[in-house]
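Please treat every number below as a calculation from the coordinates, not as lab data. In this text the structure is predicted, and so the values were computed from the model without any measurement. Positions of Cβ are generated from backbone atoms using ideal geometry, with glycine treated the same way; all protein chains shown enter the neighbour counts.
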Amino acid sequence: MENRIFTIGREGHIKINDPTVSKQHAEIEIINGEVYLRDLDSTNGTFLIKNKRLVPFKEGYVQLNQMLVLGNQKYSVKELLETGGAFSAGTADD
């Protein structure tokens with residue numbers, strides 16, 4: 001999964017069927033084994049959940065267990081990557 005980019009949205013590698021999610025909402029890039037998340041100027045934004053609060057997020061490194069809100073949906077980074085097929089069997093351990 002190294003040096004791959006996964007587009008998240010209504011269209012892309014990680015599909016989210018939600019009208020509040022942009023066609024190309026955000027992307028996750030794996031850089032040197034770390035996860036870099038970037039909002040693609042989505043209409044409704046990308047948010048991290050920190051201390052039970054929504055924090056607007058533009059771009060930066062995130063952990064696999066970090067919870068995100070995209071549109072009206074809540075996901076972990078790991079869950080999104082699994083949906084996009086980033087992990088093959090037996091590599092999802094962190």
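The relative contact order of segment 5-83 comes to 24 percent, based on Cα pairs under 8 Å that sit 6 or more residues apart. Counting every other Cβ atom within 10 Å of each residue's Cβ, Ile8, Ile14 order from fewest to most as Ile14, Ile8. Do any GluC sites (Glu not before Pro) in the chain lie in a DSSP loop with no more than 13 other beta carbon atoms within 10 Å, and if so, which? Counting only loop positions with at most 13 other Cβ atoms within 10 Å, the GluC sites (Glu not before Pro) in the chain are Glu2, Glu11. If you count Lys pairs in the chain whose Cα atoms are under 19 Å apart, skipping same-chain pairs closer than 8 places in sequence, the total is 12. Computed from backbone phi, the HN-Hα couplings of segment 10-21 come to 5, 10, x, 5, 10, 7, 10, 8, 8, x, 8, 9 Hz, rounded to whole numbers (Karplus: 6.51 cos²θ - 1.76 cosθ + 1.60, θ = phi - 60°; Gly and Pro given as x).
Quick check: net charge around Phe57, other residues with Cβ under 10 Å of its Cβ, Lys/Arg +1 and Asp/Glu -1? That works out to +1. Per residue, the chain reaches -2000 deg cm²/dmol at 222 nm when only DSSP H runs of four or more residues are counted, each adding -39500 (n - 2.57). Here is the tail figure for the chain: Cα pairs spaced more than 19 Å apart come to 32 percent of all pairs.
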